[in-house]
1. Between the alpha-carbon centers of the range 136-163 and the range 58-118, tell me the distance in whole angstrom.
2. Out of the DSSP beta bridges found with both residues in the chain, what percent are antiparallel (nearest 5)?
3. In what order, largest first, do Glu87, Glu403 sit by accessible area if the probe radius is 1.4 Å?
4. Can you tell me the FRET efficiency between Gln70 and Val94 if r is taken as the Cβ-Cβ distance and R0 is 25 Å, rounded to the nearest 0.05?
5. Asp300 to Tyr207: extension gain in nm, 0.36 nm per residue of separation minus the Cα-Cα distance?
6. Taking the Cα centre as origin and putting +1 on Lys and Arg beta-carbons and -1 on Asp and Glu beta-carbons, what dipole magnitude results for the range 210-284, to the nearest 20 debye?
7. Rounded to the nearest 0.05, what FRET efficiency do His141 and Ser51 give with R0 = 45 Å and r taken as the Cβ-Cβ distance? Could you check?
8. In nm, to one decimal, how far is the modelled label at Lys30 from the one at Ile129, with both set 7 Å along Cα→Cβ?
Amino acid sequence: MGTEFLKIREVAEVEKILHDLFQMLYSAKKVENVPLDEAGTRVLAEDTFASIDLPPFNRASRDGYAVKAQDTFAATDEKPVILDLLETVEAGTVPKKKVITGQCTEISTGAPLPDGADGLVMVEFTEKIDGKIHIYKRVHHGEFIAHKGTDIGKGDLLLPKGSVLSPDKIGVLSAMGLSEVAVIAKPHVAVISTGNELIESHDELKYGKIYDVNSQSIQSAVKSCGAVPVFGGIVKDNYDNLKTAIENGLQNADMVITSGGTSAGVGDVLRNVLDDMGEVLVHGISIKPGKPTLVANVQDKLVVGLPGYPVAALTIFQVFIEPLLRKMGGSEASLENATMQLPLAERFYSSKGRMQYALVKIIEGQAHAILKDSGAITALAEADGYIKVPKNVEIVQEGSTVEVTLFNRN
Ligand code: AMP
Ligand code: MG
């Protein structure tokens, strides 16, 4: 027989233990440089300052003629002002001549403004007749000129640390000529399945065996938190194998998540392994599904033993691990899952004495509890979210309003 459960802990207690452990083990964030074209959705690791002025020079913001604004003050629809054309400046080229009174320079959007000019007349309000430029509208000083440094000045804060690099922010960094950016490193999470009955997808399904679900579902959940799963294999219920797999996981990742073998039954060796390798902080949570869950600190890394039942494993991951993993990756913003207040479609019987996370499906504005046990992986696929039924509540009445926490399925 395995070791007895430690004291069964309340959900809030476990949240606190995990939170404190994360603070202690993972508050120093690792940083990595990534090419800009791979930086989308990543979290900026440091305050980033503008290395150049933007725009880098005074430039035309319309196609037209660069002028001395004062020269145009008398221009009207009926009586144009007539200016001499000095030269043509296209985007990417530079003006050679200074504009003085009575002159103008033809200019394209994005081209540098010639010296002497202080306004731009849009081409729509001009006419070229016999090589002269007729101006039919007056312009103000500075009109249609984007002045150097008005977008952002060199040395100004461009993006603060913690910014999530959305396409617009990638654009801002590109404008600085950056090709790489320092972002918070994605946490690496080793994922291990345990159980003599588990086989891989390419194996033949023999009597008594089942295909491994958790390594795929948990790895996918890890990815959806912005972390990197590292598959640590399917391990037999055997002390040495499990210990070796966890040791490897600790070497290759920032934390280790196993599933299965967490109870105190025959073949459940995880508790013994963790006792020998480090310190078990939680064994048993007052929650349904997912009571036989283990939390340990091994070599200053978190090891979580999820229960084997796929629904229980994912529920525990989503309730306890996901928020911390997202935070570890730096994205504080997406900590909270969205919730909805909905009427419960049918009366629901809960198990007394444990906080229950009951899966629900939303149909026509009502929450329907999914009444399958935690061995039924299809229950999760059907569910839109869950309701929390406190441990002292046995019956939730039909029609009563429940808070549905929606799964993050992006
Ligand atoms: P355990 O927590 O090891 O006692 O397993 C509880 C139940 O979950 C058993 O029916 C196992 O066969 C099943 N189980 C454990 N691990 C997995 C897995 N990775 N994929 C699918 N089912 C599993
Ligand atoms: Mg097992």
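1. Taking the Cα centre of each part, the range 136-163 and the range 58-118 sit 20 Å apart.
2. If I count the DSSP bridges inside the chain, around 70 percent turn out antiparallel.
3. Glu403, Glu87
4. In this case the efficiency is close to 0.55.
5. This chain segment gains 29.4 nm when fully extended.
6. Here the range 210-284 has a charge dipole of around 240 debye.
7. Given R0 = 45 Å and the Cβ-Cβ separation, E is 0.90.
8. If labels sit at Lys30 and Ile129, their model points lie 7.3 nm apart.
The values are calculated or read from the model by the stated rules, or taken from the named source; none is laboratory data. These numbers were taken from a predicted model, which means no experiment stands behind them. With ideal geometry, Cβ positions are generated from the backbone for all residues, glycine too; neighbour counts draw on all protein chains shown. Remember, those area values only see protein heavy atoms, side chains included, never the ligands or the DNA or RNA. Shrake-Rupley method; radii C 1.70, N 1.55, O 1.52, S 1.80 Å.
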